[in-house]
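Student: The structure is given below, and queries will be raised subsequently.
The values are calculated or read from the model by the stated rules, or taken from the named source; none is laboratory data. Quick caveat, the model's predicted, so the values are computed rather than measured. Cβ sites come from the backbone with ideal geometry, for glycine too, and all protein chains shown count toward neighbours. Note: accessible area is taken over every heavy atom of the protein model, side chains too, but ligands, DNA and RNA are not part of it. Shrake-Rupley method; radii C 1.70, N 1.55, O 1.52, S 1.80 Å.
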There are 2 protein chains.
Amino acid sequence: MSKRIPVGVSNRHIHLSVQHLIALFGEGFQLTQLKPLSQPGQFAANETVTIKGPKSEICNIRILGPVRGNTQVEISKTDTYVLGVHAPVRMSGDIVGTPGLTIIGPKGEIMIDQGVIIAKRHVHFSPEEALEYGVVDKQKVKIKSLGERSLIFDEVIARVHPTYALDCHIDTDEANAAGITSGDQVELIAD
Amino acid sequence: MSKRIPVGVSNRHIHLSVQHLIALFGEGFQLTQLKPLSQPGQFAANETVTIKGPKSEICNIRILGPVRGNTQVEISKTDTYVLGVHAPVRMSGDIVGTPGLTIIGPKGEIMIDQGVIIAKRHVHFSPEEALEYGVVDKQKVKIKSLGERSLIFDEVIARVHPTYALDCHIDTDEANAAGITSGDQVELIAD
């Protein structure tokens, strides 16, 4: 039986801590929702910032809400060359030893000393979906995209949690290499 | 037995016809060699041009020599969004029905009405190498990259010709998605 999963392509974005949100947007500022994301409770905010590395800067970096414990910047490998920041491939939250950069908002500018990552490809599952697809949390799985740039993604991490909904998250480099876009379907393949 | 193949990552580049070379650089102009490429007789030139689409332009597009029968621009999917040019995935030379764009050189500017492609991933083999690796010209093969962004590239075209040398050509999106770079090795895998 084919095990299909919808794709969500993550463009470069940022998660902010409440302290950093205040430093960039001012005391008492609240993010406002542009649109909900596939994961329940998560949203793309109307607000954006500029990020600046040793080589150049990139504007209009979308903030994803709500605020988090730690600020985290997720960029593509292509972006790392533009910025001059050598970010490693990491799972979200695993930021120890990663590089920092400068973040510029309308009310202030901060320098973070860590938190810049290339997100490791992963699939979100609710516990019920994990059961149906036969995977457990943190399991490495393979997914396959179809078409003229068909790819089999190895080293995809299954993430299982009651707050998750079925979605395969890859970044823009991965989506472009596979010739797929948000809303396309990929297939979970057994080893 | 493992069948390893070196990787050559193709950054955006352009091949020019002699007429277009003259239009951009002036009568009697000859390309000068910056460095040889993996394929015998092919070279990266010192000369570059700017390419311009409806949305924006990209400077410093490397010219690859020698001149060819038809001008061809090879860009990544990422570049297509920057330029606003909807290039299809094609094998080199297969440019009928592809979009054009504006090319700007030091002595002139031209508009081509076709020739912009995203290069389809392929592997060059000499006839001896094809025999050793068990492939024939135009065969679809799979190649696998290793590491934390391991990918299996499906839909890879084998190209066999006496003027070719063993090299797997992918573009920057594909290299970034796989976390590999020129000179890394990939593996040919049997179906």
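Student: Quick one: if you take sqrt(5λ) for each eigenvalue of the C-alpha gyration tensor of region A:1-86, what semi-axes come out, biggest first, whole angstrom?
Tutor: The answer is 24, 21, 10 Å, longest axis first.
Student: Per the Kirkwood definition applied to all pairs of different Cα atoms, how many angstroms is the hydrodynamic radius of chain B? Don't skip to the answer; put the middle values down first.
Tutor: Values: mean 1/r = 0.0577 Å⁻¹.
Taking every pair of different Cα atoms in chain B, averaging 1/r and inverting gives 17.3 Å.
Student: In deg cm²/dmol, rounded to 500, what helix-only [θ] at 222 nm does chain B give when every DSSP H run of at least 4 residues adds -39500 (n - 2.57) and the total is split over its residues? Intermediate values should be presented prior to the final figure.
Tutor: Values: 4 runs with 29 residues, N = 191.
Per the formula, -4000 deg cm²/dmol.
Student: So for chain A, averaging the separation of alpha carbon pairs under 8 Å that are six or more residues apart and normalising by length, what relative contact order in percent results?
Tutor: Details: 456 pairs, mean separation 52.1, N = 191.
Once normalised by length, the contact order is 27 percent.
Student: Sticking with this structure for a sec: Can you check what the net charge comes to around residue B:21, using other residues whose Cβ is under 15 Å from the Cβ of residue B:21 (Lys, Arg +1; Asp, Glu -1)?
Tutor: Charge balance in the 15 Å sphere: 0.
Student: Select from region A:149-173 all residues whose loss of accessible area on going from the chain by itself to the full protein assembly reaches 30 Å² or more (probe 1.4 Å).
Tutor: A:149, A:150, A:151, A:152, A:154, A:155, A:173
Student: What ³J(HN,Hα) values, in whole Hz, does the Karplus curve 6.51 cos²θ - 1.76 cosθ + 1.60 give for region B:60-69 when θ = phi - 60°, with x put for Gly and Pro?
Tutor: 6, 7, 5, 8, 9, x, x, 4, 10, x
Student: In chain B, what % of DSSP beta bridges are antiparallel (nearest 5)? Let's see the in-between values first.
Tutor: Values: 33 of 49 bridges.
So the antiparallel bridges in chain B amount to around 65 percent.
Student: Sticking with this one: Measuring from label point to label point, each 7 Å out along Cα→Cβ, what is the residue B:181 to residue A:19 span in nm?
Tutor: That separation, rounded to one decimal, is 3.4 nm.
Student: Please give the contour-minus-distance gain from residue A:114 to residue A:4: 0.36 nm per residue of separation, less the Cα-Cα distance, rounded to one decimal in nm. Intermediate results must be reported in sequence, preceding the final value.
Tutor: Values: separation 110, 0.36 × 110 = 39.60 nm, distance 3.58 nm.
In short, 36.0 nm is gained.
Student: Report the residues of region B:135-173 in range of a label on residue B:128: point 7 Å along Cα→C-beta, backbone N strictly under 19 Å from it.
Tutor: Taking a point 7 Å out along Cα→Cβ of residue B:128, the residues of region B:135-173 whose backbone N falls under 19 Å are B:135-137, B:159-168.
Student: Label position 7 Å from Cα toward Cβ: report the copy-to-copy distances for residue B:30 in nm, one decimal, ordered from shortest.
Tutor: List, nearest first: 7.2 nm.
Student: Shifting gears a bit: Could you compute how fast region A:143-191 diffuses translationally, taking Rh as the Kirkwood radius over C-alpha pairs and applying Stokes-Einstein at 4 °C with viscosity 1.567 mPa s? Give it in µm² per second.
Tutor: Calculated translational D: 110 µm²/s.
Student: Something else: Could you do me a favour and compute the accessible area per residue for region B:98-164, 1.4 Å probe, result in Å²?
Tutor: Per residue, region B:98-164 has an accessible area of 45 Å².
Student: Now for a different question. Along region A:105-122, what does the Karplus equation 6.51 cos²θ - 1.76 cosθ + 1.60 (θ = phi - 60°) give for ³J(HN,Hα), rounded to whole Hz, x for Gly and Pro?
Tutor: x, x, 10, x, 9, 10, 10, 9, 9, 7, x, 9, 10, 9, 5, 6, 4, 7
Student: Hey, another quick one. Please list, in chain and number order, the residues 5+ apart from residue B:184 or on another chain whose amide H is under 5 Å from its amide H, with Hs placed from the backbone.
Tutor: B:7
Student: Oh, and also: Quick check: Cα centre of region A:52-93 to Cα centre of region B:2-80, how many Å?
Tutor: Here the answer is 31 Å between Cα centres.
Student: Just the number, please: Stokes-Einstein D of region B:102-191 in µm²/s, Kirkwood Rh from C-alpha pairs, 37 °C, 0.692 mPa s.
Tutor: Approximately 221 µm²/s, per Stokes-Einstein.
Student: Please build a GNM for chain B, connecting alpha carbons under 10 Å apart, and tell me which residue among B:114, B:72, B:139 fluctuates the most.
Tutor: B:139
Student: Starting from the alpha-carbon convex hull of the protein assembly as shown, give the projected area averaged over all orientations, in nm².
Tutor: That works out to 20.8 nm², a quarter of the Cα hull's surface.
Student: Further question: Under a crude label model (7 Å from the Cα following the beta-carbon direction), how far is residue B:56 from residue A:82 in nanometres?
Tutor: 0.6
Student: Be a star and scan region A:114-153 for residues whose amide nitrogen sits under 11 Å from the point 7 Å along the Cα-to-Cβ vector of residue B:148.
Tutor: A:117-121
Student: Short version: ³J(HN,Hα) in whole Hz for each residue of region B:125-136, in order, from phi by Karplus 6.51 cos²θ - 1.76 cosθ + 1.60 (θ = phi - 60°), x for Gly and Pro, what are they?
Tutor: 9, 6, x, 5, 5, 4, 4, 4, 8, x, 10, 10
Student: Now for a different question. Given a 1.4 angstrom probe, I'd like the percentage of the accessible area of the protein assembly as shown that is carbon and sulfur, rounded to a whole number. Before the final figure, lay out each step's value.
Tutor: Values: 9340 of 17720 Å².
Carbon and sulfur together cover 53 percent of it.
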